[in-house]
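The values are calculated or read from the model by the stated rules, or taken from the named source; none is laboratory data. Since this is a predicted model, take the numbers as computed values, not measurements. Every residue, glycine as well, gets a Cβ built from its backbone with ideal geometry; the counts of neighbours run over all protein chains shown.
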Amino acid sequence: MKLYGYFRSSAAYRVRIALNLKNIAYESVSVHLLKDGGQQNSENYKALNPTGLVPTLVDGDLTIGQSMAILEYLEETRPEPALLPPDAQGRARVRAIAQTIACDIHPLNNLRVLKYLKHTLGIDEAAKDAWYRHWVETGLASVEAMLSRSDRSGRFCHGDQPGLADLCLVPQLFNARRFNCDESAFPTIVRIDAACAELEAFQKAAPGRQPDAEA
């Protein structure tokens, strides 16, 4: 397998955690989102992934973009250890948490959105960062409620084994911290993140541990 990504991309970060949890060997291929006008915009990369986004997973003759599709593919083809619960209700709950992050929070704060705000709409750096913090904190407040109000939350988002929701949550919190978001209202999220940080699969996937990591 080859995983095309960028060390700070939260979507690529999700997939790295999943690959590590499932003990799947892969080759990491860097697509630098800032150099050369954004390497994701090159003709070569867009031939691989027409969206010009990361990550992209190549498995033999199969190429998949979109991190959530990649995660579902890994779960279906390499089911152990499972990222989803065995029961339909549990799977729905975990997907709801994961998609709240991947579909509601992340798209509003993607690099291309932030660049559009700054370079096309002329929003200054302080206002751009305020936009980021507003939508991340709003979204994480929803996730916190989903976690804290359910007796199905355990050491991790769902029970006592890490799964799909956790590997979406951890990268989002990493990015929230980069922009100095206020964590004080999210004690359950912070606790779960700390539990994940104890696991080698999450440690190895961390941005600072990647071959293309920068200060």
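Against the condition surrounded by fewer than 22 Cβ atoms within 10 Å (Cβ to Cβ) and either in a helix (DSSP H, G or I) or at pLDDT below 95 (or both), how does LEU140 come out, does it pass? First the steps, then the outcome.
Details: surrounded by fewer than 22 Cβ atoms within 10 Å (Cβ to Cβ): no; either in a helix (DSSP H, G or I) or at pLDDT below 95 (or both): yes.
Against the criterion (surrounded by fewer than 22 Cβ atoms within 10 Å (Cβ to Cβ) and either in a helix (DSSP H, G or I) or at pLDDT below 95 (or both)), LEU140 does not qualify.
Within segment 108-115, is there a residue that is surrounded by 14 or more Cβ atoms within 10 Å (Cβ to Cβ), in contact (Cβ under 8 Å) with a residue 60 or more places away in the chain and in a helix (DSSP H, G or I)?
Within segment 108-115 (the criterion being surrounded by 14 or more Cβ atoms within 10 Å (Cβ to Cβ), in contact (Cβ under 8 Å) with a residue 60 or more places away in the chain and in a helix (DSSP H, G or I)), the answer is yes, since at least one residue qualifies.
Pairs please, first residue from segment 10-25 and farther than 13 Å from LEU57 by Cβ and not assigned by TED's automatic domain parsing to the domain that holds ALA102, second anywhere and surrounded by fewer than 23 Cβ atoms within 10 Å (Cβ to Cβ) and of a type in the set (Lys, Arg), Cβ atoms under 8 Å, 6+ apart in sequence or on different chains.
As it stands, the answer is ASN20/LYS204, since those pairs meet every condition given.
Looking at the structure I just gave you, is ALA98 among the aliphatic types (A, V, I, L, M), assigned to a helix (DSSP H, G or I), under 18 Å from the mean Cα position of the chain (by Cα) and not assigned by TED's automatic domain parsing to the domain that holds ALA165?
no
Only one of ALA165, ALA195 is surrounded by fewer than 22 Cβ atoms within 10 Å (Cβ to Cβ), part of a helix (DSSP H, G or I) and of a type outside the set (S, T, N, Q); which? Before the answer, list the steps.
Numbers: ALA165 fails: surrounded by fewer than 22 Cβ atoms within 10 Å (Cβ to Cβ).
None of the other options fit; the residue is ALA195.
Of the residues GLU200, GLU214, which single one is farther than 22 Å from GLU75 by Cβ and either surrounded by fewer than 20 Cβ atoms within 10 Å (Cβ to Cβ) or touching a strand residue (DSSP E or B) at 6+ places or on another chain (Cβ under 6 Å) (or both)?
Details: GLU200 fails: farther than 22 Å from GLU75 by Cβ.
Of the residues listed, the single one that is farther than 22 Å from GLU75 by Cβ and either surrounded by fewer than 20 Cβ atoms within 10 Å (Cβ to Cβ) or touching a strand residue (DSSP E or B) at 6+ places or on another chain (Cβ under 6 Å) (or both) is GLU214.
So LEU19 fits all but one of (1) within 18 Å of PRO171 (Cβ to Cβ); (2) part of a loop (DSSP other than H, G, I, E, B); what number is the exception?
Against the list (1) within 18 Å of PRO171 (Cβ to Cβ); (2) part of a loop (DSSP other than H, G, I, E, B), LEU19 comes up short only on (2).
For segment 148-168, give me each residue that is in contact with a Cys (Cβ under 6 Å, 6 or more places away or on another chain) and among the aliphatic types (A, V, I, L, M).
Within segment 148-168, just ALA165 meets the criteria.
May I ask you to say which residue of ASP160, ASP124, ASP104 is more than 14 Å from LEU84 (Cα to Cα), at pLDDT 95 or above and loosely packed, with under 14 Cβ neighbours inside 10 Å?
On the way: ASP160 fails: more than 14 Å from LEU84 (Cα to Cα); ASP104 fails: loosely packed, with under 14 Cβ neighbours inside 10 Å.
From the options ASP160, ASP124, ASP104, the qualifying one is ASP124.
Within 26 Å of ALA165 (Cβ to Cβ) and either in contact with a His (Cβ under 6 Å, 6 or more places away or on another chain) or surrounded by fewer than 22 Cβ atoms within 10 Å (Cβ to Cβ) (or both), is that true of GLU76? Break it down stepwise before answering.
On the way: within 26 Å of ALA165 (Cβ to Cβ): yes; either in contact with a His (Cβ under 6 Å, 6 or more places away or on another chain) or surrounded by fewer than 22 Cβ atoms within 10 Å (Cβ to Cβ) (or both): yes.
Here the answer is yes, as GLU76 does meet what is asked.
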